[in-house]
Amino acid sequence: MATVDRWLLPDGIEEVLPPEAARIEVARRQVLGLFQSWGYECVVAPHIEYLESLLTGAGQDLDLRTFKVIDPQSGRQMGFRADITPQVARIDVHTLRREGPSRLCYAGSVLHAQPRALSSSRSPIQLGAELYGDASPSSDVEVISLMLAMLQLADVPDVHMDLGHVGIYRGLARAAGLSGEVEQQLFDALQRKAVDEVQALTADLPKDLGNMLRALVELCGGREVLADARVRSFVGDGAAMLMARSLPRVRWGGRTAD
């Protein structure tokens, strides 16, 4: 290898130099301080875990973005974290095991085998806050308010917030009796708005359920979408009950650097 090539970093992997490193560290401390002032406790998750733990409940997208290696001590497959959120969920469920609401926050680097976009970093810094153990509307208001406070602290201009509720999809998938693999394929296709794939995966479902699942591809936008969902697609007693019980759930994470 030529000397000039020896010091090159892989594509999408960067080092942070002064004074940018100082700005990132100041922002990290400020945001974590904000989280803690709201009652969120900081946790530090490991950079690498056994793969079955790291990817439990994760989608195909996270699997593809996870670097995988073999642990020389145990012979088991391990992965470098591509998202800290599943790790924090594991800490809450299997380590802390608390009764009632649990508020946790985090900040750290992650590693992506594949970049999210062509020009994006494969080693971004991720931060976020998670509220577990409370499914009430007040928890949604709290998390949204904290997110907006964080963006204001970071002087982020022109904030645009999208709200969604994955429970609507999960409810329809359960009603349709979809298997785990097919359900995940359909969820990935809906996220990508891959109309042909959604059509193929729902072709054999009952007409009403198939129509509602296919409609999710187009039901995005402003408040008018709710009225459109009721009038155009989500009709009938079962759908009305599902919509009535659905509350907007918000999960979020921010990056201090890409």
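Table for the structure above
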{"quantity": "Total formal charge among the other residues, if their Cβ is under 15 angstrom from that of residue 197, Lys/Arg +1 and Asp/Glu -1", "calculated": "-4"}
{"quantity": "Cα→Cβ-extended label distance, 7 Å offset, between residue 230 and residue 159, nm", "calculated": "2.9"}
{"quantity": "C-alpha long axis of helix 166-176 to longest principal axis of the chain, angle in °", "calculated": "50"}
{"quantity": "Carbon/sulfur fraction of accessible area - segment 1-129, other protein chains in place, 1.4 Å, %", "calculated": "56"}
{"quantity": "Whether segment 3-157 is rounded, prolate or oblate, judged on the alpha carbon gyration tensor where a/c under 1.5 counts as rounded", "calculated": "oblate"}
{"quantity": "Listed peptides 133-139, 154-160, 83-89 by packing density, highest first (mean Cβ within 10 Å)", "calculated": "83-89, 133-139, 154-160"}
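The values are calculated or read from the model by the stated rules, or taken from the named source; none is laboratory data. What you see is a predicted model, and the numbers here were worked out from it, not measured in a lab. Quick reminder, even Gly has a Cβ in these numbers, built from the backbone with ideal geometry, and neighbours come from all protein chains shown. Just so you know, the surface numbers come from the protein's heavy atoms only, side chains and all, with ligands and any DNA or RNA stripped out. Shrake-Rupley method; radii C 1.70, N 1.55, O 1.52, S 1.80 Å.
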